[in-house]
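The values are calculated or read from the model by the stated rules, or taken from the named source; none is laboratory data. The structure presented is a predicted model; accordingly, all values stated were derived computationally and were not measured. Cβ placement follows ideal geometry from the backbone for every residue including glycine, while neighbour counts extend to all protein chains displayed.
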Amino acid sequence: MINLLRLLLPHWRRVLAGFAVLLVVDLGQLVVPQFVRRAVNELYAGNYSAVPKWAAFIVGVALFFSFLRFFWRYFFIGTSRLLEKELRSKLYEHTLRLDPGLFRTMKTGDVMALFTNDLQAINMALGMGMVAIADFTIYTTFSIVAMLLISPKLTGMVIIPLPLIGVVMFILGRLIYRKFREVQDFFGLLTEWLRDILSGIRVVKAYDTEFRLTRRYSEISERFLKLNLQFAVIDGLFHPAISTLAYVSLAILLLVGGKMTTTGLVSLGDYVAFSSYIGMMIWPMVALGWFANLVQRGSASYSRIEAYLSIEPPLKEDGKVEIDGFRELQTRGLGVAINGRTVLRGVDMHVREGEFVGITGPTGAGKSVLLNTLVKFHLPFTGRVLVNGTDYLEVSTDSLRSHILLVPQEVFVFSMTIAENLKVARPDATEEEMWWALRMAGLDEDVRRMPDGLNTLIGERGVGLSGGQRQRLALARAFLSPASLILLDESLSALDSKTEEKVVRSLRELGKTVVLASHRLTSIAATDRIYVLVRGKTVEEGTHEELLRNGEIYPMLWKAHHEGIRGGP
């Protein structure tokens with residue numbers, strides 16, 4: 001709870017202004033029972049002519065303070081919305097800094113729940129929750145003071161139930177915190193399950209699994225319903241328990257205060273005023289319970305957000321060196337481990353400006369890990385990566401990735417238009433430049449045949465495109481990118497041989513430095529120099545002809561590849 005309330009400290013001026021306005025509004029409402037008290041005493045004394053004056057005061061106060069209510073809403077609710085925006089931005093920026101490999105194990109639904117339900121719970125706790133506790137503090141304090149001035153004895157009797165509210169809040173509040181966290185955790189699981197089904201809807205239909213998945217969804221929904229009902233039971237007990245204790249005070253007033261009125265210890269006007277103050281205290285007592293409820297929810301959600309924000313990015317302290325272009329890249333004895341398993345154990349490679357370099361090797365040799373390491377998605381535990389002669393750990397990640405672009409093995413296109421997908425690489429790209437990039441990737445004719453050309457919406461994860469088209473769109477993005485070094489991880493695997501040959505020719509014409517990692521040796525054979533990896537180690541290096549003549553592993557790979565082509569359909 002303390003950590004949650006600390007979020008308000010940077011905005012203390014707005015919070016203080018909200019409290020000030022609310023104080024004026026609440027005090028204004030506390031004055032009304034005094035007007036009623038005077039009016040009743042005047043009526044009891046038979047002086048009806050004085051009553052309209054007090055009635056006019058009541059109406060005037062009500063109108064004035066209704067106008068002021070806008071401002072406390074502006075300060076309190078506005079501040080909570082501002083904090084929600086700041087937290088959302090913080091979550092987003094933190095997400096972008098995390099290791100991409102982390103999201104292979106972390107459920108996307110859990111992360112989405114942080115951005116939606118959890119932020120909403122925090123917003124309510126810091127917005128209406130603050131209003132509730134302010135109302136409780138102001139109303140309770142000044143109501144009790146006003147009642148003490150009328151009758152200390154009667155006041156002492158009617159506030160007897162108040163300490164019991166704290167006991168109820170303590171017991172039920174802890175249950176609310178625990179149960180709400182369970183609900184939020186399960187909401188993340190449900191969201192992830194739905195996201196998975198929607199992403200793989202073609203597979204679902206292809207395997208005719210709709211009935212089985214519908215049954216499974218019903219089971220998950222039933223479990224989510226039960227958790228919510230368990231939470232609703234605890235939540236449902238909370239408010240009635242607080243309200244009951246508040247109305248006990250009203251019952252005490254009726255029994256004790258009524259008798260004191262008949263014996264003349266308090267006047268009829270005093271009794272009516274007392275009744276008004278007790279009525280006013282009912283809402284603050286309920287508000288206190290509401291505040292405790294909202295804060296418990298907000299605290300549960302904030303603890304989930306804190307746990308997520310505590311995940312350290314792979315590079316805690318980024319480098320400071322800015323590179324002004326790309327001239328060369330070297331790896332010396334590079335070793336990389338992922339989840340405690342050593343994947344690279346001695347990679348030596350040298351790439352110079354303008355070269356077209358190939359990397360190949362058996363499945364599991366570490367080609368993808370090597371390329372991901374070059375852009376700091378993984379970090380070495382031994383060896384070095386030098387960019388322009390500088391250890392790349394000393395180079396700013398932003399600067400490094402502005403000059404070195406990785407086109408990953410898992411092709412991803414956004415649920416946007418083709419033009420918007422291309423502008424991910426260069427936001428200021430002209431239409432002419434986009435058509436050039438599509439032509440270089442061999443996709444221009446396909447796009448021209450689409451109904452809206454560059455403005456064609458390609459759907460969720462590029463569902464409107466074939467596998468080869470998605471891969472060529474990713475290549476077009478790479479052609480359009482201002483990066484000097486392009487790393488291609490199996491980026492030609494979905495292309496037919498004719499298109500593959502065209503794209504390789506386009507890559508050579510591009511005039512940039514290109515590193516291609518692939519199993520398809522027809523593309524690798526066309527590169528200037530080839531590195532062969534086996535079990536995470538560089539075992540051979542040379543041109544296609546040199547490796548066929550002097551190598552051991554590469555000739556076997558070439559033979560297997562060549563025979564596979566000849567033996568195909």
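Confirm whether Asp99 is of a type in the set (Asp, Glu) and more than 16 Å from the chain's Cα centre (by Cα). It would help to see each step written out before you state the result.
Numbers: of a type in the set (Asp, Glu): yes; more than 16 Å from the chain's Cα centre (by Cα): no.
No.
Considering each of Met112, Met130 in turn, give the residue that is over 30 Å from Lys376 (Cα atoms), modelled with pLDDT of 75 or more and either touching a Phe, Trp or Tyr at 6+ places or on another chain (Cβ under 8 Å) or part of a helix (DSSP H, G or I) (or both).
Values: Met112 fails: over 30 Å from Lys376 (Cα atoms).
On inspection, the qualifying residue turns out to be Met130.
Listed here are the residues, each with its yes/no results for (1) modelled with pLDDT of 90 or more; (2) assigned to a helix (DSSP H, G or I); (3) surrounded by fewer than 17 Cβ atoms within 10 Å (Cβ to Cβ).
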residue: Ala287; (1), (2), (3): no, yes, no
residue: Leu294; (1), (2), (3): no, yes, no
residue: Ser299; (1), (2), (3): no, yes, no
residue: Pro313; (1), (2), (3): no, no, yes
residue: Lys316; (1), (2), (3): no, no, yes
residue: Leu329; (1), (2), (3): yes, no, no
residue: Leu334; (1), (2), (3): yes, no, no
residue: Met349; (1), (2), (3): yes, no, no
So, in the stretch 94-136, how many residues would count as being free of Cβ contacts under 8 Å to residues at least 60 places away in the same chain and more than 30 Å from Glu312 (Cβ to Cβ)? 1
Any residue that is part of a loop (DSSP other than H, G, I, E, B), outside the structural domain of Gly364 (by TED's automatic domain parsing) and touching a helix residue (DSSP H, G or I) at 6+ places or on another chain (Cβ under 6 Å) - is there at least one of those in the stretch 460-468? no
Subset of the stretch 470-515 that is assigned to a loop (DSSP other than H, G, I, E, B), in contact with a strand residue (DSSP E or B) (Cβ under 9 Å, 6 or more places away or on another chain) and hydrophobic (A, V, I, L, M, F, W, C) - its residue that is surrounded by the most Cβ atoms within 10 Å (Cβ to Cβ): Leu492
For Gly269, only one of the following conditions fails: (1) touching a Lys or Arg at 6+ places or on another chain (Cβ under 9 Å); (2) modelled with pLDDT of 80 or more. What is its number? (2)
Name the single residue, out of those in the stretch 102-153 being among the hydroxyl-bearing types (Ser, Thr, Tyr) and under 30 Å from Ile338 (Cα atoms), that is nearest to the chain's Cα centre (by Cα). Thr108
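Quick check on this structure: which one of Leu370, Leu374, Leu405, Leu379 is farther than 19 Å from Thr513 by Cα and in contact (Cβ under 8 Å) with a residue 24 or more places away in the chain?
Values: Leu370 fails: farther than 19 Å from Thr513 by Cα; Leu374 fails: farther than 19 Å from Thr513 by Cα; Leu405 fails: farther than 19 Å from Thr513 by Cα.
Only one candidate qualifies: Leu379.
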Quick check on Phe103: is it modelled with pLDDT under 80, in a helix (DSSP H, G or I) and within 30 Å of Thr397 (Cα to Cα)? yes
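Take the residues in the stretch 516-554 that are of a type in the set (Val, Ile, Thr) and part of a strand (DSSP E or B), then tell me which one is farthest from the chain's Cα centre (by Cα). Don't jump to the end; show me each part of the working.
Kept after step one, since they are of a type in the set (Val, Ile, Thr), are these residues of the stretch 516-554: 522, 524, 527, 530, 532, 534, 538-539, 543, 553.
Pick out the ones that are also part of a strand (DSSP E or B) and you get 530, 532, 534, 538-539.
Details: Ile530: 42, Val532: 41, Val534: 40, Thr538: 40, Val539: 44 Å.
Top of the filtered list is Val539.
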